Amino acid sequence: MSDNQINKQAIPANWKPRIAAFFCNWCTYTASDLAGVSRLKYPATIRVIRIMCSGRLDPQFVTDAFAEGADAVLIGGCHPGDCHYANGNYKCLRRVHLLKKVLKQMGLEEERLRLEWISASEGKRLAEVVSEMSEAILKLGPCKVKQVVEHYEK
Amino acid sequence: MSHHKEEIRIGVYICHCGHNIAGTVDVTGIAEYASRLPNVVISKDYKYMCSDPGQVLIGQDIAEHKLNRIVVSSCSPLLHEKTFRDALVKGGLNPFFLQMVNIRENVSWVHTDTDDANLKARDLVRAAVHRVAYQKELTKKKVPVNPDVLIVGGGIAGISAALTMADAGKKVFLVEKEPTIGGHMALFDKTFPTLDCAACILTPKMSSVKKHPNITLWSYSEVSEVSGFVGNYKVKVTRKPRYVIEELCVGCYACVDECIFKEGKFPDEFNLGMSKRKPVYLPFPQATPLVAVIDDKTCIHFKTGKCQQSCAKACDRNAIDFNQQPEVKEIEVGTVILTTGFKAFDARRLPYYGYGKFPNVFTSLEVERMVNASGPTEGHVVLKDGSKPKSVGIVHCVGSRDEKTNKWCSRVCCMYSLKLAHLIKEHTGAEVYNFYIDMRTPGKGYEEFYDKLLREDVHFIRGRVAEVSDWATTSDEEGKLIMRVEDTMVGMVRRIPVDMVVLSVGLEPRDDAQDIRKLFNISCSTEGFFLEKHPKLAPVDTFTDGVFIAGAAQGPRDIPDSVAQAGAAAAQALALIDSGHVELEPNTAYITDTLCSGCKSCLNICPYKAIAFDDEKRKSVINEALCKGCGTCVASCPSGAIRQNLFEDEEIFSEIRGLFVESI
């Protein structure tokens, strides 16, 4: 039996993923507003936390979100070259590269952490990314990090 | 997490936003749920929280229930954070004890499954309740506003804004890329719906700009660098060399007359290439400033170095200077108005209309030049062979309302097509056919103008033209351009032979709109026009404070709307200037000395060079005036010594915890 099958069996009925989303104020958060104003539809899986710049993303925000029970983390920033603060998004990109390696070593599936450049005008893109990601996480099932953390805390 | 010194008393307010939120989210249920969350003293739902009674409600509760933290769950904080912060201040609380929850744009407007939406709304409210407990008192820093203003783009919008600002006593820098101001409006002969002469209303304004003591006009110039922030922008403007000393030139044309080229040889930009100019030229007789330009790409002197320089000899004021170099002007302004205008759709992108292939297929702008008395044909609408057309077909929506090119309606084309139909008929007496999808004539006197045209014997055919070809199938079609169209009124495909086709091209964002956007740190909407802060409540503001937009750079619009918008942008800039100062969002980073290990890793992270190293103390120091509050250094500090106001670690960590903790 592969890991995949174990996971599949473990997915509770009616379970829906919860995705912590860190969006920069200027591009991706504004895109989420635009998606709203345009009445685009996407699954109610993301929980947005607004930060001024994706450069503010402390890797601990991500690890903490997983530890608290997030099934996935989505980070949204301005496109390369478009950062409101010159280059904070590049700093974020560097951290995400490292984070991905760390999370992989912890046994987390790659799909659970995603970084996307979504500009203020890309409300549609935002809705697509959330839909795609929700579908991918739905297949993966709940993230077990919280259980593991709780196990060790006992 | 740290202990709170004071007792936390939170008030939670869930807004219905009429049916906008309440239609999807169970607002009373959420309010009831929130009342059971930790530290929540009172939790209410209300029809419109942003309304006066909604705001008063918060103030009353602060007093009555001794609230010291407020959560408002309504629309996006980008829309109403200021409103609710003000409500806190009125209630006697520090404005930064507010946390907003976006349950409209981020929940009710984007989700259809009410169970999921309610679950999400509950999570978000819970996160905010957790976060707000950690929020602290902050004060906004006040900085003075430089009263000078920069206006980029000298079309009718830029001209109007400049004159309004200058008349109000402000010093204006008007920067125009082309050798003259006037923009697209300077190309037109008459304007709809009044048919008043464009030059008669524009050129006096252009000369007012030139004469105004408060306006510094830099034509043939471009903004090359922008730094600073609202109220205090530092801007570099590069003045391209025109090889003519502006202060000396009087626009007498002596240099043009004496140029070694006896006739014009190069496409004249102002006439869209329909006439020729010399390497030394004036764009048009009313150009402002009325100063000659030497085009170094075509001038013999610059190409070979072997010209006898007859132009320089002809100038009795010694205004010609072949050694002119680009000059960089540095200015400081408090506000910026961007009025960079639009680009006309390139009709070559739709090859089935034959533009560029058939000589008698013209764009609407070319016909504008033709009907203009000062244009290349001196006001005669003629075919390429010089003869008068007997029949003319005008195709609406070329590069507009089209899935293949631009989806948007360009707003002005119906009206200018009607105007051209009238003018062409007046000038030539030809049969004129308008091919339209829908006639869109909203505006004062516009529908009446359409009505007038209907009675002028102009033909109206409802249908998008499929093709313009020269493939004659009958003797009537021989030598003509055949317009193939489905006439949706009669439900049949028709072939209409004409002598001349006019393509009513739509309005597009300029090619350099993206460069300008990046320079001024603003956003564009999906199609590439500048993005306003709010389509209804802040249509001339941008997300960058102190930068305003007006005219067709923000979206297709006609002259009256551009002028009105320019006035609005000027008023917004004036309001900012006359208030004397701006309050900056207190989201700057700061360093806790005792934690800083002096590793210097933050120094190179800051894009604004706001962090310095104190060699004596061996600690990093942040210059608050330079910090823009991105928080990148905060996330990178390995000792956790750098923190950010408004986005403190514990605020964000508690928000994360609040999202997922199953408290009830």
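Just so you know, all these numbers are worked out from the coordinates, no wet-lab data involved. Just so it is clear, the structure is predicted and the values come from calculations on it, not from any experiment. Quick reminder, even Gly has a Cβ in these numbers, built from the backbone with ideal geometry, and neighbours come from all protein chains shown.
DSSP beta bridges fully contained in chain B are about 50 percent antiparallel.
Mind listing which trypsin sites (Lys or Arg not before Pro) in segment B:571-630 are in a DSSP loop and have 14 or fewer other Cβ atoms within 10 Å?
Values: sites: B:600, B:609, B:617, B:618, B:619, B:628; in loops: B:600, B:609, B:617, B:618, B:628.
Answer by residue number: B:600, B:609, B:617, B:618.
When the trypsin sites (Lys or Arg not before Pro) in segment B:415-447 are filtered for DSSP coil states and for at most 16 other beta-carbon atoms within 10 Å of their beta-carbon, the remaining sites are B:444.
Taking amide H as placed 1.01 Å from N in the peptide plane, residue B:460 has its amide H under 5 Å from the amide H of B:434, each at least 5 places away in sequence or on another chain. Over 18 Å between C-alpha atoms is what I'm after, so list which of B:190/B:419; A:100/A:154; B:171/B:210 land there. Table pairs above 18 Å Cα-Cα are A:100/A:154.
Across segment B:540-550, computed HN-Hα scalar couplings (Karplus, 6.51 cos²θ - 1.76 cosθ + 1.60, θ = phi - 60°) run 10, 8, 10, 6, 9, 4, x, 10, 10, 10, 7 Hz from first to last residue, x flagging Gly and Pro. Phi angles across segment B:292-307 convert, under the Karplus curve 6.51 cos²θ - 1.76 cosθ + 1.60 with θ = phi - 60°, into 3J(HN,Hα) values of 5, 10, 10, 7, 6, 7, 10, 5, 4, 4, 6, 7, 10, x, 10, 8 Hz, Gly and Pro given as x.
Over segment B:462-619, what lengths in whole Å, largest first, do the semi-axes of the equivalent ellipsoid take, defined as the square roots of 5 times the eigenvalues of the alpha-carbon gyration tensor? Let's see the in-between values first.
Working: eigenvalues 690, 92, 30 Å².
Output for segment B:462-619: semi-axes of 59, 21, 12 Å.
What percent antiparallel are the DSSP beta bridges of segment B:141-288, to the nearest 5? All intermediate terms of the calculation are to be shown ahead of the outcome.
Values: 12 of 20 bridges.
Antiparallel: roughly 60 percent of the beta bridges in segment B:141-288.
Annotation: average projected area of segment B:10-140 is 6.9 square nanometres, based on the convex hull of Cα atoms across all directions. Computed over neighbours whose Cβ is under 14 Å from that of residue B:574, the net charge equals -2, Lys and Arg +1, Asp and Glu -1. With kT/(6 pi eta Rh) evaluated at 37 °C and eta = 0.692 mPa s, and Rh the Kirkwood radius from Cα pairs, chain B diffuses with a coefficient of 113 µm²/s according to Stokes-Einstein. If R0 equals 51 Å, the separation of the Cβ atoms of residue B:404 and residue B:82 corresponds to a calculated FRET efficiency of about 0.75. For residue B:276, the residues whose amide H sits under 5 Å from its own are B:268, ignoring neighbours fewer than 5 places away on the same chain, with H placed 1.01 Å from N.
Cut-off 15 Å, label point 7 angstrom out along Cα-to-Cβ of residue B:313: give me the residues of segment B:269-302 whose amide nitrogen falls inside. The answer is B:301.
For the protein assembly as shown, what proportion of DSSP beta bridges, expressed in % and rounded to the nearest 5, is antiparallel? Mind dumping the intermediate values first?
Values: 50 of 115 bridges.
That works out to approximately 45 percent antiparallel.
Each part gets one Cα centre, and for segment B:236-283 versus segment B:346-366 those centres are 28 Å apart.
Taking a straight Cα-Cα cut-off under 24 Å and skipping sequence neighbours fewer than 8 places away in the same chain, the lysines within cross-link reach of residue B:120 are A:16, A:41, A:124, A:139, A:144, A:146, B:44, B:47. For chain B, the 222 nm mean residue ellipticity estimated from helices alone, with every DSSP H stretch of n ≥ 4 adding -39500 (n - 2.57) and the total spread over all residues, rounds to -8000 deg cm²/dmol.
Report the full-extension gain for the segment residue B:303 to residue B:489: residue separation times 0.36 nm, less the Cα-Cα distance, to one decimal in nm.
Numbers: separation 186, 0.36 × 186 = 66.96 nm, distance 5.85 nm.
Between residue B:303 and residue B:489, full extension yields an extra 61.1 nm.
Spin-label pair residue B:617-residue B:194: with each label point 7 Å from Cα along the Cα-Cβ axis, the two points sit 6.4 nm from one another.
Expressed in nm to one decimal, what extension gain is obtained for the pair residue B:260 and residue B:214 from 0.36 nm per residue of sequence separation less their Cα-Cα distance? Each step should come with its number before you reach the end.
Working: separation 46, 0.36 × 46 = 16.56 nm, distance 3.91 nm.
Stretched fully, the residue B:260-residue B:214 segment lengthens by 12.7 nm.
Could you tell me the center-to-center distance, by alpha carbons, between segment B:43-110 and segment B:444-507 in angstrom? After rounding, the separation between the Cα centres reads 57 Å.
Per residue, how big is the convex hull of segment B:11-84 when only Cα atoms are used? Give it in Å³.
Working: hull volume 6.1 nm³, N = 74.
Value for segment B:11-84: 82 Å³ per residue.
Projecting label points 7 angstrom from Cα along Cα→Cβ for residue B:328 and residue B:595 puts them 3.9 nm apart. Distance from the C-alpha centroid of segment B:612-651 to that of segment A:71-137: 24 Å, rounded to the whole angstrom. Of the residues A:93, A:115, A:40, the one that moves most in a GNM of chain A with alpha-carbon contacts below 10 Å is A:40. Per-residue Karplus couplings for segment B:60-77, computed as 6.51 cos²θ - 1.76 cosθ + 1.60 with θ equal to phi - 60°, are listed in order as 4, 5, 4, 5, 5, 10, 6, 6, 10, 9, 10, 10, 10, 10, 8, 8, 5, x Hz, Gly and Pro entered as x. Placing R0 at 56 angstrom, the Cβ-Cβ distance between residue B:245 and residue B:357 gives a FRET efficiency of 0.80 after rounding to 0.05. Residues whose amide H comes within less than 5 Å of that of residue A:115, counting only those at least five positions distant or on another chain, are A:75 (H built at 1.01 Å from N in the peptide plane).
Based on DSSP H runs of at least 4 residues, each adding -39500 (n - 2.57), what is the mean residue ellipticity at 222 nm of chain A after dividing by all its residues, to the nearest 500 deg cm²/dmol?
Numbers: 6 runs with 73 residues, N = 154.
It comes out at -15000 deg cm²/dmol, rounded to the nearest 500.
With all pairs of separate Cα atoms included, segment B:255-314 yields a Kirkwood hydrodynamic radius of 11.8 Å.
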